[in-house]
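First up is the structure itself, then whatever we jot down about it.
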Amino acid sequence: MGTGNQTYVREFILLGLSSDWDTRVSLFVLFLITYMVTVLGNFFIVLLIRLDSRLHTPMYFFLTNLSLVDVSYATSIIPQMLVHLLIEHKAIPFVSCAAQLFFSLGLGGIEFVLLAVMAYDRYVAVCDPLRYSVIMHGGLCTRLAITSWVSGSLNSLMQTIITFQLPMCTNKYIDHISCELLAVVRLACVDTSSNEIAIMVSSIVLLMTPFCLVLLSYIQIISTILKIQSREGRKKAFHTCASHLTVVVLCYGMAIFTYIQPHSSPSILQEKLTSLFYAILTPMLNPMIYSVRNKEVKGAWQKLLGQLSGLTSKLAT
């Protein structure tokens, strides 16, 4: 496919992490196990929330959305990466690359907005507990969740269209593990300053704005906790937010490090490691964080395991 003297690519080649066969096989086993843990962990979190009526609250409604986002994000990147670890010709068609960029970028944006929504939920729970059920009613929770999905998807659609309208000419080697935004933009054989501005603007709107809202929520939360007289009351209020705060630090920290800095600052290795962090570690850690640090979830697990144990005993007799 060509125009004038320029030749445009039909597929891209992902250079991945390593060219050494033994290293690739080891990474394949590691990433496969991690992906299975991610899928199963998030599946059980969603199942637990559905089965236990005590978890039918706004916080766990948003956690269900977060788990779905995590599994979808991991699935948009890891299966293809696993295949490429075992083959020499790591090609990805133009359309597939655009689709992967759209889904991974969109799901990442959805997660950032969703974490801000969850911060607001924790703010209401700690700072205005008596009116919590009135403020965080089902209609509002649904609208907030839809806003998260729509805003992330629209931003991703815009960025994907802008990026893949750039002429790539004969540049088809993407030095990355996936069709990541910055890696694809670097392939363009024209000036990309307008794309860089668009990336910065979208980062501010969809990353820094939710981050600032999270920050404001936690300033109010911490201020309220410090005013609580009893030590036990402060401890209980802190545990209400501990799991969400841990996830916020993990997700926003790496994203801000990658995108909110000068164009020349992040190295290719940093970008690859950040993508691996988001595709592999974050989706796997989120259900663990909420399971280990949350008394309600641990109680639901114990209840479910007790029911399964009782059922097994009955079947055995």
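The values are calculated or read from the model by the stated rules, or taken from the named source; none is laboratory data. Please read these numbers as outputs of a predicted model, since none were measured by experiment. Counting neighbours? That spans all protein chains shown, and the Cβs are built from the backbone with ideal geometry, glycine included. Ligands, DNA and RNA are excluded from the accessible area calculation, which covers all protein heavy atoms including side chains. Shrake-Rupley method; radii C 1.70, N 1.55, O 1.52, S 1.80 Å.
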Q.
I need the full set of residues from segment 31-71 which are open to solvent by 30 Å² or more (accessible area, probe 1.4 Å), in contact (Cβ under 8 Å) with a residue 24 or more places away in the chain and farther than 20 Å from residue 141 by Cβ, in order please.
A. 32, 35, 37, 39, 43, 44, 71
Q: For segment 141-164, state whether one or more residues are within 28 Å of residue 61 (Cβ to Cβ) and part of a loop (DSSP other than H, G, I, E, B).
A: no
Q: Keeping to segment 126-169, report how many residues are surrounded by 15 or more Cβ atoms within 10 Å (Cβ to Cβ), hydroxyl-bearing (Ser, Thr, Tyr) and within 30 Å of residue 234 (Cα to Cα).
A: 1
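Quick check, is residue 259 within 16 Å of residue 180 (Cβ to Cβ), among the hydroxyl-bearing types (Ser, Thr, Tyr) and modelled with pLDDT under 80?
Judged against the criteria, residue 259 is a match.
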Q: State which residue is modelled with the highest pLDDT when the search covers only segment 268-317 and only residues that are hydroxyl-bearing (Ser, Thr, Tyr) and surrounded by 13 or more Cβ atoms within 10 Å (Cβ to Cβ).
A: 282
Q) Only one of (1) in contact with a helix residue (DSSP H, G or I) (Cβ under 9 Å, 6 or more places away or on another chain); (2) modelled with pLDDT of 95 or more fails for residue 138. Which number is that? A) (2)
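Go through segment 178-199 residue by residue and tally those that are assigned to a helix (DSSP H, G or I) and in contact (Cβ under 8 Å) with a residue 60 or more places away in the chain.
Keep residues of segment 178-199 that are assigned to a helix (DSSP H, G or I), which gives 181-185, 193-199.
Filter once more, so that each one left must be in contact (Cβ under 8 Å) with a residue 60 or more places away in the chain: 181-184, 196, 199.
Number of matching residues: 6.
Applying the selection to segment 165-177, what residues are part of a loop (DSSP other than H, G, I, E, B) and among the aliphatic types (A, V, I, L, M)?
166, 168, 177
Can you give me the number of residues within segment 15-30 that are touching a helix residue (DSSP H, G or I) at 6+ places or on another chain (Cβ under 7 Å), part of a helix (DSSP H, G or I) and open to solvent by 40 Å² or more (accessible area, probe 1.4 Å)?
Matching residues across segment 15-30 total 1.
Every residue, every condition in (1) out of contact with any Lys or Arg (no Cβ under 9 Å at 6 or more places or on another chain); (2) not hydrophobic (A, V, I, L, M, F, W, C), yes or no:
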| residue | (1), (2) |
| --- | --- |
| 32 | yes, no |
| 37 | yes, no |
| 57 | yes, yes |
| 61 | yes, no |
| 64 | no, yes |
| 68 | yes, no |
| 76 | yes, yes |
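Return a yes/no flag: does segment 89-105 have any residue that is closer than 17 Å to residue 62 by Cβ, in a helix (DSSP H, G or I) and modelled with pLDDT of 90 or more.
Applying the first criterion (closer than 17 Å to residue 62 by Cβ) to segment 89-105 yields none.
So far as segment 89-105 goes, no, none of its residues is closer than 17 Å to residue 62 by Cβ, in a helix (DSSP H, G or I) and modelled with pLDDT of 90 or more.
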Q) Considering segment 96-120 alone, what residues qualify as being open to solvent by 10 Å² or more (accessible area, probe 1.4 Å), small (Gly, Ala, Ser) and more than 14 Å from residue 157 (Cα to Cα)? A) 96, 116
Q: Please determine, by comparing only the residues of segment 113-135 that are under 17 Å from residue 212 (Cβ atoms) and hydroxyl-bearing (Ser, Thr, Tyr), which one is modelled with the highest pLDDT.
A: 120
(Q) So, residue 76, is that one among the hydroxyl-bearing types (Ser, Thr, Tyr) and more than 30 Å from residue 243 (Cβ to Cβ) or not? (A) no
